[in-house]
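Novice: If you scroll down you'll find the structure; I have some questions about it.
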Amino acid sequence: MTKSKKVDLVLGLIIIFLSILALPKIILKNQGKNIKSLETALLNKKYLEKINSIYIGDSVDTLHFQKKGEIWLCIYGDLVFFADNNLVSQMLTNFSKTRNLLQISNRAENLSQYGLAEGEAFNISFFQEDLAGNKNEFSSIFFGIENSDRTRIYLKTNRKNTVYSMENDLYQYFNTRLETFGLMELIPIQDSKSESLVESIEIVDFSKDNFKTIKKIGDEDFSDLVHRLFSLRGATLFQEDILASDNMKLLKSITAKTSKNTFYNIEIYSYTNSISSVQYFVKTNFSDKDSSVNYVLEISSWTKSRLDF
């Protein structure tokens with residue numbers, strides 16, 4: 001082989017090698033031309049103050065969040081309970097932030113492969129709703145399956161079949177578990193100052209002939225009892241008509257009275273089931289209670305023991 005042919009061969013190999021290195025970049029560049037990027041929010045911020053109704057659910061279950069004054073209630077069938085205001089507020093914030101959406105497909109026949117066909121997707125919708133049930137929709141988003149590395153999720157609006165993907169950071173809202181969204185504290189207040197206003201605690205033990213004990217400010221263990229009462233949480237939500245069940249027994253009533261002539265009261269019940277296992281439930285009453293809530297909380301044996309004061 002002559003020297004010139006060797007040079008030609010080396011140059012040829014270099015060109016082939018460089019072409020191989022450049023091929024992925026060419027492919028990615030061509031792919032990039034087919035994927036449209038969209039900077040937008042799932043919910044327009046200008047509607048945040050108007051939203052008073054949110055629906056979350058799938059083809060099986062739906063939760064309805066309803067704003068009443070400054071609080072959010074959650075409705076599931078006939079069950080009505082307090083929603084966690086902070087969680088709902090954070091959800092509204094997350095949906096109204098600007099995101100990078102990638103357009104994946106605009107063909108309706110492809111919806112199933114993204115988990116977005118009818119009956120498959122998870123829907124979250126935001127409305128302004130009047131007392132008659134008339135709704136003004138601000139946003140309705142359907143969420144499908146995650147991509148292969150679970151970093152992004154597929155979605156579409158209720159108005160078009162265009163499929164997008166976005167960062168998968170809203171997964172905590174894609175469920176209808178009541179305890180995810182409920183305010184699970186035994187005393188469901190959302191004002192941190194309320195605990196400091198308590199002046200006395202009255203305990204009535206029905207298992208000891210209605211024996212009454214009163215704790216007041218200045219008593220050695222008073223602050224600990226108040227904090228315990230306001231920080232303990234339930235485990236599961238039930239409709240309050242469960243308290244009418246056979247073998248349900250009222251054990252104790254604890255009432256915290258404040259300097260503003262308001263009160264918070266919890267009633268502790270025990271239930272002995274068919275296998276002689278004991279469950280405990282708490283019903284909460286308070287002076288400014290919204291009459292529409294109708295729930296009780298099941299508590300653990302440990303939580304019940306913390307209320308034995």
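The values are calculated or read from the model by the stated rules, or taken from the named source; none is laboratory data. All figures in this text were calculated on a predicted structure; none of them were measured in a lab. Don't worry about glycine lacking a Cβ; one is built from the backbone with ideal geometry, like all the others, and counts go over all protein chains shown. Each accessible area value is taken on the protein alone, full model and side chains, heavy atoms only, with ligands, DNA and RNA left out. Shrake-Rupley method; radii C 1.70, N 1.55, O 1.52, S 1.80 Å.
Novice: Just one of LEU43, LEU73 is surrounded by fewer than 19 Cβ atoms within 10 Å (Cβ to Cβ), aliphatic (A, V, I, L, M) and either at pLDDT 95 or above or in a strand (DSSP E or B) (or both); which is it?
Specialist: Sole residue among the options that is surrounded by fewer than 19 Cβ atoms within 10 Å (Cβ to Cβ), aliphatic (A, V, I, L, M) and either at pLDDT 95 or above or in a strand (DSSP E or B) (or both): LEU73.
Novice: Let me ask something else about it. How many residues, within the stretch 221-267, are open to solvent by less than 40 Å² (accessible area, probe 1.4 Å), without any contact (Cβ under 8 Å) to a residue 40 or more places away in the chain and under 27 Å from the mean Cα position of the chain (by Cα)?
Specialist: Within the stretch 221-267, residues that are open to solvent by less than 40 Å² (accessible area, probe 1.4 Å), without any contact (Cβ under 8 Å) to a residue 40 or more places away in the chain and under 27 Å from the mean Cα position of the chain (by Cα) number 1.
Novice: Just one of (1) part of a loop (DSSP other than H, G, I, E, B); (2) in contact with a Leu (Cβ under 8 Å, 6 or more places away or on another chain); (3) within 21 Å of SER223 (Cβ to Cβ) trips up VAL293, so point out which.
Specialist: That leaves (3) as the condition not met.
Novice: Which one of ASP246, ASP241 is of a type in the set (Asp, Glu) and assigned to a loop (DSSP other than H, G, I, E, B)?
Specialist: It is ASP246.
Novice: Sticking with this one: Can you tell me which residue within the stretch 116-172, out of those that are open to solvent by 60 Å² or more (accessible area, probe 1.4 Å), at pLDDT below 95 and aliphatic (A, V, I, L, M), is nearest to the chain's Cα centre (by Cα)?
Specialist: Once the filter is applied, the top-ranked residue is LEU131.
Novice: Would you check which residues across the stretch 195-213 are open to solvent by less than 20 Å² (accessible area, probe 1.4 Å) and in contact with a helix residue (DSSP H, G or I) (Cβ under 7 Å, 6 or more places away or on another chain) and list them?
Specialist: Matches in the stretch 195-213: VAL198, ILE201.
Novice: Of all the residues that make up the stretch 124-166, how many are within 18 Å of ARG99 (Cβ to Cβ), outside any loop (DSSP other than H, G, I, E, B) and either in contact with a Pro (Cβ under 7 Å, 6 or more places away or on another chain) or not aliphatic (A, V, I, L, M) (or both)?
Specialist: 15
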